Amino acid sequence: MAIEEIKDKDYTVQYDPESSTVDFIGLLSLGGPKEYAPITDLLNKIADSKPEQMTLNLRKLEFLNSSGISMLSKFVLGLRKKKGIQLVVLGSNEIPWQGKSLKNLQKFLPSLKLEIE
Amino acid sequence: MQKVFGDYIEEFPPELDSLEMIFSPTAHSIRKRWSNNRLSAQFIADYCSTFLPVDDDNPDGDRRIKESKGSITYIANELLENAMKFNDRESKFKVKFCIYFIEDIELENGSVTVVLFVTNTVNPQGIDKFQAFLTQLLASDPEELYVTQVEKSLEEDSEASGLGFLTMINDYSAKLGWKFEPLSTEPQIHTVTTMAQLTV
């Protein structure tokens with residue numbers, strides 16, 4: 001499978017099937033679920049392929065609005081039903097929103113591995 | 001009739017530092033100007049950072065500025081996104097954004113309270129539902145409500161509502177307040193001012 005990419009002026013979301021990693025880069029502040037749908041669909045497609053591990057790398061995501069946080073929260077909560085996928089979320093202490101909001105994701109999926117550095 | 005919910009400051013002393021911005025969301029489609037919300041929020045945060053009493057010799061100063069700017073950008077963007085989304089375009093009302101700086105000498109290490117608020121019109125049909133949600137929000141445990149709203153959105157395949165407010169409260173320890181005011185009766189137009197108080 002080739003690398004898949006969703007890209008706009010301010011952000012890139014890139015999926016590497018080799019490592020089952022989705023890199024989020026830039027600034028994401030889309031208008032709502034409709035605008036986030038391509039990203040949601042990509043994440044769900046990966047989860048449906050049932051990888052043992054799936055990584056969301058947010059270390060270069062400098063901004064995420066509440067609609068984006070909502071999108072991630074919903075995806076993470078949905079994984080509870082898809083057992084057998086270890087979700088890893090990579091965050092950065094250098095990016096203020098991540099230190100504040102990423103810990104919330106663990107409430108939805110206690111098995112989630114959150115690696116903030 | 002006026003109605004106030006939550007923590008709302010009615011008046012500010014005129015000598016306080018402040019900034020006001022006016023937007024005309026009728027001028028372009030919401031979609032076209034959407035990224036302007038974030039750009040405006042980033043500008044507001046940059047502007048605010050000059051009001052922070054940071055000691056240049058303090059190595060933590062840079063970090064504090066970065067954290068404060070991050071918080072202000074997030075909150076200003078949420079307030080603007082909401083105002084643009086819900087402003088009743090039939091009303092031809094301009095969205096007004098304000099920010100005030102209150103230096104609190106009683107707080108340690110020279111903290112500043114930043115008060116951000118935005119005024120927009122609301123569709124008269126939507127007011128009751130909005131006010132009912134605010135009543136629920138203010139009576140709830142916001143951490144629990146956050147989880148409930150996301151669970152509900154997954155069940156109903158809808159957008160989790162109120163997550164902007166809830167993240168401001170839970171993640172940024174912001175105090176929120178709302179004021180509803182009638183603007184005209186014919187046609188019936190109401191405005192809502194949403195206020196967030198943030199200590200940086």
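The values are calculated or read from the model by the stated rules, or taken from the named source; none is laboratory data. No experiment lies behind these values; they were computed from the predicted model shown. Reconstructed Cβ throughout: ideal geometry from the backbone, glycine too, with neighbour counts over all protein chains shown.
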State the number of residues belonging to the range A:1-45 that are buried (at least 20 other Cβ atoms within 10 Å of the Cβ), more than 24 Å from B:Asn36 (Cα to Cα) and more than 14 Å from chain B (Cβ to nearest Cβ). 3
Do you know which of the residues in the range B:155-173 that are among the charged types (D, E, K, R) and within 8 Å of chain A (Cβ to nearest Cβ) is nearest to the chain's Cα centre (by Cα)? B:Asp171
Return the total of residues in the range B:152-180 being of a type outside the set (Ser, Thr, Tyr) and in a helix (DSSP H, G or I). 12
Test each condition in (1) assigned to a helix (DSSP H, G or I); (2) crowded, with 22+ Cβ neighbours inside 10 Å; (3) of a type in the set (A, V, I, L, M) for A:Leu105 and report the one that comes out false. (2)
Answer residue from the range B:9-28, given it is part of a loop (DSSP other than H, G, I, E, B) and surrounded by 10 or more Cβ atoms within 10 Å (Cβ to Cβ) and is modelled with the highest pLDDT among those: B:Ile9
Of (1) without any contact (Cβ under 8 Å) to a residue 40 or more places away in the chain; (2) closer than 24 Å to B:Leu163 by Cβ, B:Asp62 fails just (2)
May I ask you to say which residue of A:Lys81, A:Lys34 is assigned to a helix (DSSP H, G or I) and at pLDDT below 95? A:Lys34
Do we have any residue at all in the range B:89-102 that's within 14 Å of another protein chain (Cβ to nearest Cβ), among the charged types (D, E, K, R) and part of a helix (DSSP H, G or I)? no
Please state which one of A:Ser73, A:Ser92 is crowded, with 18+ Cβ neighbours inside 10 Å, in contact with a Lys or Arg (Cβ under 9 Å, 6 or more places away or on another chain) and more than 23 Å from B:Ala160 (Cα to Cα). A:Ser92
